[in-house]
Amino acid sequence: MKITEKLGEILHEIEEFKVETKDHLEQFRTSFVGRKGTIAQLFSELKEAAPEDRKLLGQQINKLKNTAQNKFRELTTEFEAKTESEAATQLDFTLPPIPDTLGTVHPITQVRQRIVQIFERIGFNVSEGPEIEDDWHNFSALNFPPNHPARDMQDTFFIEKNPDITLRTHTSSVQVRVMETEKPPIRTLSPGRVFRNEAISARAHCIFHQVEGLYVDKNVSFKDLKETLLYFAKEMFGKETKIRLRPSYFPFTEPSAELDIYWGLKTEADKRITKGTGWLEIAGCGMIDPNVLENCNIDPETYTGFAFGMGIERIAMLKYQITDLRNFTENDVRFLRQFSSISI
Ligand code: DAH
């Protein structure tokens, strides 16, 4: 077949070529535009043409090449626009969203944050102390004399070979650190982790969390303590919450008391957790013993103060009706997930 005839035929093919899929587009490219396509072939056949015809033929093949390239360009843009709009119509806005996999704030952290918020509103700041303590801050300054039986109230982890170093058994140690370094008026809250040498069970753990409260100023009275605790109980457990203070003993407070909230006796569970009384103990408290103030270089003739301490796990258990303490440390996501949307 003569080159001129081929030219006509290829032009016809280019004009008639239908592109409906990506594959068709690729076929068009390899047939006409690519380096092994029919047009490229024509250029190599040009050598065989009579020399006087070559110039004209060359121009004609070039023209054909441009036609093929233009059609390819047009088809490519047209095709891209088409696939984009097709993709858009394939979006289904009625599908449920893909669930997010964000973690949750641990219930103990949530409760701690809530306790801090409640006390911040009445002027308490937050202070922290070390988890590894010395005997002075954990015991002696708090009026636990050496070898005094009151030290047995808390089963202590000691560092081997150095009985002066302990894992703190309570956050009351932070009271001492704050009073040693700050001048009254002091209003501070000390949340933190504490350690006791106890077997782990549903009701006890060797690691748990406490919040210590401390208020030292002129003329601080037992009435201030009671009002502060009542305010806290209502904010934490509801406006109708009733409290009572039962006399108790702690070496660092005098008088000392235990704070109970009225839980009620409506259900069998209420009876069980309150041991049939309706009341639940949530904190220890009292007026700071003058010896403790003196140990921290605060003049007990000028200043008085109150302190309280409560367990965060205990409050979280009451608030969310959790019956086993071990849930807090086992990191079972089925347990933790339940707290994802709680705002307390
Ligand atoms: N530290 C005590 C404990 O761990 C709790 C406590 C009781 C703290 C009375 C106080 C307080 O500040 O005044 O059992």
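The values are calculated or read from the model by the stated rules, or taken from the named source; none is laboratory data. Note that the coordinates shown come from a computational prediction; the quantities given were computed from them, not determined experimentally. Backbone-built Cβ (ideal geometry, glycine too); neighbour counts: all protein chains shown. Calculation scope for accessible area: heavy atoms of the full protein, side chains included, ligands and nucleic acids excluded. Shrake-Rupley method; radii C 1.70, N 1.55, O 1.52, S 1.80 Å.
Worth a mention:
- In summary, strands (runs of 3 or more DSSP E) completely within the stretch 241-310 and bearing 1 or more residues that are within 10 Å of the ligand (Cβ to nearest atom), open to solvent by less than 30 Å² (accessible area, probe 1.4 Å) and in contact with a Cys (Cβ under 8 Å, 6 or more places away or on another chain) occur at 253-262.
- Some residue of the stretch 197-214 being within 19 Å of Asn295 (Cβ to Cβ), in contact with a strand residue (DSSP E or B) (Cβ under 8 Å, 6 or more places away or on another chain) and assigned to a helix (DSSP H, G or I): no
- On the stretch given as the stretch 325-344, residues that are crowded, with 16+ Cβ neighbours inside 10 Å and touching a residue at least 40 places away in the same chain (Cβ under 8 Å) total 4.
- A search for C-beta distances below 6 Å between a residue of the stretch 305-324 that is under 30 Å from Glu294 (Cα atoms) and in the same structural domain as Gln210 (by TED's automatic domain parsing) and any residue that is small (Gly, Ala, Ser) and open to solvent by 10 Å² or more (accessible area, probe 1.4 Å), counting only pairs 6+ apart in sequence or on different chains, returns Gly309/Gly284.
- Whichever residue in the stretch 127-167 is more than 15 Å from the ligand (Cβ to nearest atom) and β-branched (Val, Ile, Thr) and, among such residues, is least open to solvent (accessible area, probe 1.4 Å): Ile165
- A Cβ distance below 6 Å, combined with a sequence gap of six or more or placement on separate chains, defines the contacts here; from the stretch 170-182, residues that are under 13 Å from Val292 (Cβ atoms) and within 12 Å of the ligand (Cβ to nearest atom) reach no residue that is among the aromatic types (Phe, Trp, Tyr) and at pLDDT below 95.
- Extreme residue, nearest to Arg337 (Cα to Cα), among residues of the stretch 64-103 that are open to solvent by less than 100 Å² (accessible area, probe 1.4 Å) and part of a loop (DSSP other than H, G, I, E, B): Gly103
- Exactly one residue out of Lys18, Lys47, Lys22 is exposed (fewer than 14 other Cβ atoms within 10 Å of the Cβ), farther than 25 Å from Glu80 by Cα and assigned by TED's automatic domain parsing to the domain that holds Glu80: that is Lys47.
- From Thr188, Thr228, Thr156, Thr169, residue being within 20 Å of Ala257 (Cα to Cα), part of a loop (DSSP other than H, G, I, E, B) and within 34 Å of the chain's Cα centre (by Cα): Thr169
- Any hit, the stretch 319-328, residues being more than 16 Å from the ligand (Cβ to nearest atom) and under 20 Å from Gly213 (Cβ atoms): yes
- Filter pass, Thr76 being in contact (Cβ under 8 Å) with a residue 24 or more places away in the chain, polar (S, T, N, Q) and touching a Phe, Trp or Tyr at 6+ places or on another chain (Cβ under 9 Å): no
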